[in-house]
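A short worksheet on the structure shown next.
Quick note: the coordinates plus some simple rules give every number you see, no bench work behind them. On a predicted model such as this, the values are computed, not experimentally measured, just so you know. Don't worry about glycine lacking a Cβ; one is built from the backbone with ideal geometry, like all the others, and counts go over all protein chains shown.
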Amino acid sequence: MQTQQAQAEGRTAPTEGYFGVYGGAFVPETLRPSLVELESWFQRLSRDNGFLPEYRTLLETFVGRPTGLHHAANLSRGLGCEVYLKREDLAHTGAHKINNALGQALLAKRMGKQRIVAETGAGQHGVAVAAACAMVDLECVIYMGSTDMARQAANVRRMELFGAEVRAVDRSCRTLKSAINEAIREWLGSSGTTHYLLGSVVGPHPFPTIVRSFQSVIGEETKEQLARLGRKPDVMIACVGGGSNSIGFFAPFLDATEVRLIGVEAGGSGTAAGEHSIRLAPEAQDVRVGVMQGCKSLVIQSPEGQILGTHSVAPGLDYVMIGPEHAALRDSGRVEYIGATDVEALSALRRLAREEGILCALESAHAVAGAIALAESYPPGGTVVVNISGRGDKDLDTIFESETA
């Protein structure tokens, strides 16, 4: 999809739903009533004395929250600081994605929708959506790029066991961007009965706000858990693909300017187009403001607006666009963004497994790699919190293939 298409197709952006100059809702007019309906229901249920207690109860009994805050003693000794790991890998279905999937599934049920359409890249969002839909009794269709399906076959089987129909996308890049395009196309034709359960802080308003709201439980728990330990964080680090786990982790600390916030993107295998997924870090190239998949943000694209290829060993990090709030946070300087290469992420994953007995997802390994790379910049004995956004079972084939490459 070219970023100039919005103008060619007569799409317009409202004045609300922006983070600085980024965000908005660049959609066909036929879809605008569905977004207005979604925002109205979300605002209403955010104040509902029945919805929020139901959601919070299910976070405890279905998701398994609160997730642990683990003191990584062995890693701490090696880095010269006190490292804590927020264990989203311990949540039901194995990643932070369930927080948002459950919230939106409950929201869709209250709205009277009969079915859910969603997209997935690494598979964790798809598994979470499938599980949530099974629990609340909604029909579920999930689009997934054929490339991602091949490297995440176990997650495809898990989705199907939960009753979801998984549809392969063979066009374009055959990864997450392609899957989102197909999910949006279906939603355009069935929005009266179908809710599009978007998995990251991207897409048209109000999706970035909704996803951040449901994911902020990560940061809220972290703040409470640190307080019980008598600690305040000096540094907080999370990986950044579309940006949902990191926004949820950072959100309660954005006003605490003494806390250093760091997002780690996929540096991939090189600096040329198609070898990485850097959109915010200083080494970013071919990144321009554009409109894609319903919102305005920073996109890896040519001067003519052609979307360029991306790469990451972690399938959840190879998205061509960044969430609009992240773009605004980069511009304001509130959050620092760095890159970690495939090699660095794989090395960090193995180190965490050996030293702490934790097998994290390749996405999360980028955050661990960032924490290791920046160790000399931390205050001696400072408190560093790393968000472990998911577990690594899904990545075992990729990990072992890398050892024999």
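Considering all projection directions equally, how large on average is the shadow of the alpha-carbon convex hull of segment 116-206, in square nanometres?
Values: hull surface 22.0 nm².
Computed as one quarter of the Cα hull surface, the answer is 5.5 nm².
With springs only between Cα atoms under 10 Å apart, run a GNM on the chain and tell me which of ALA131, ALA256, ALA369 wobbles the most.
ALA256
Within the set LYS232/LYS296; LYS113/LYS177; LYS109/LYS296; LYS86/LYS113, which residue pairs have Cα atoms separated by over 32 Å?
Going by Cα-Cα distance, LYS232/LYS296; LYS86/LYS113 fall outside the 32 Å limit.
Any idea which of GLY323, VAL299, TYR378 is furthest toward the positive side of the dipole for segment 295-402, if Lys and Arg beta-carbons carry +1 and Asp and Glu beta-carbons -1?
Going by the charge dipole, the pick is TYR378.
Among LEU58, THR93, VAL156, whose Cα lies farthest out toward the positive end of the dipole of the chain, if unit charges sit on the beta carbon of Lys, Arg (+1) and Asp, Glu (-1)?
LEU58
For segment 283-353 and segment 107-165, compute the distance between their C-alpha centroids and round to whole Å.
Answer, in whole Å: 24.
Just how large is the dipole of the chain about the Cα centre, in debye to the nearest 20, putting +1 at every Lys and Arg Cβ and -1 at every Asp and Glu Cβ? Before the final figure, lay out the partial values.
On the way: 38 positive and 46 negative charges, 139 e Å.
About 660 debye.
State, as an integer percentage, the relative contact order of the chain based on alpha-carbon contacts under 8 Å between residues 6 or more apart.
Relative contact order, the chain: 20 percent.
Please state the relative contact order of segment 57-152 as a whole percent: Cα pairs under 8 Å, 6+ residues apart? The partial results should precede the final answer.
Numbers: 120 pairs, mean separation 20.7, N = 96.
Once normalised by length, the contact order is 22 percent.
Calculated from DSSP H runs of 4 or more alone, at -39500 (n - 2.57) each and per residue, what is the 222 nm mean residue ellipticity of the chain, nearest 500?
Numbers: 16 runs with 165 residues, N = 405.
So the calculated ellipticity at 222 nm is -12000 deg cm²/dmol.
How large is the charge dipole for segment 22-76, taken about the Cα centre, if only the Cβ atoms of Lys, Arg (+1) and Asp, Glu (-1) carry charge, to the nearest 20 debye?
Details: 5 positive and 6 negative charges, 31 e Å.
In total the dipole reaches around 160 debye.
Report the per residue volume, in Å³, of the convex hull enclosing the C-alpha atoms of segment 142-192. Walk me through the intermediate numbers first.
Numbers: hull volume 3.3 nm³, N = 51.
Cα-based convex hull of segment 142-192, divided per residue, equals 64 Å³.
Going by amide H atoms built from the backbone, whose H comes under 5 Å of the H on TYR337, apart from near neighbours?
Under 5 Å from the amide H of TYR337: GLY263.
Could you work out Rg/(2.2 N^0.38 Å) for the chain, with Rg from alpha carbons only?
Working: Rg = 19.6 Å, N = 405, 2.2 N^0.38 = 21.5 Å.
Dividing the Cα radius of gyration by 2.2 N^0.38 Å gives 0.91.
Return, in residue-number order, each cysteine of the chain whose C-beta is not under 4.7 Å from any other cysteine's C-beta.
CYS81, CYS173, CYS239, CYS295, CYS360
Apply the Karplus curve 6.51 cos²θ - 1.76 cosθ + 1.60, θ = phi - 60°, to the phi angles in segment 377-384 and return the couplings in whole Hz, x for Gly and Pro.
So the J values, rounded to whole Hz, are 8, 7, x, x, x, x, 9, 10.
Which residue fluctuates the most in the chain, going by a Gaussian network model with Cα springs under 10 Å, if the choices are GLY17, GLY267, GLY78?
Most flexible of the set in this elastic network: GLY78.
I'd like the Karplus ³J(HN,Hα) series for segment 300-310: coefficients 6.51, -1.76, 1.60, θ = phi - 60°, whole numbers in Hz, and an x wherever there's a Gly or Pro.
Residue by residue, segment 300-310 yields 7, 7, 6, x, 8, x, 7, 5, 9, x, 10 Hz.
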